């Protein structure tokens, strides 16, 4: 009976398993494939490729729109990382300063 890697749970054979290299590599590839960012020509191409196989947390890059998407368990959603400022100055701004928001980075020099 195969074992699993401790962090991501990839299936790996153990020494007492019957050797089946093709199946072992296939199962490992399928596990990895779900955790990499797939690249597709369009949303339609992505939907065709992963039809019935999408799992929550999967990412896909769409070449026609240059958009990164992720599957939230029910639908593909555009991944829009938050925007933030990186600023510096001689004094650190107060929390009340409307120029900055949570997530901004400020360096005092």
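Computed from the coordinates by the stated procedures, all read-outs in this text should not be read as laboratory data. Owing to the predicted nature of the structure, the values given are computational and were not obtained by experimental measurement.
Descriptive notes on the structure:
- nm² value of the averaged projected area, convex hull over the Cα atoms of region 37-78: 2.4
- Based on Cα contacts under 8 Å between residues 6+ apart, region 1-70 shows a relative contact order of 22 percent.
- For region 10-68 versus region 73-109, the gap between their alpha-carbon centres in whole angstrom: 34
- Normalised Debye scattering of the chain at q = 0.10, 0.13 Å⁻¹ gives log10 I(q)/I(0) of -0.54, -0.72, counting only Cα atoms as equal scatterers and leaving out solvent.
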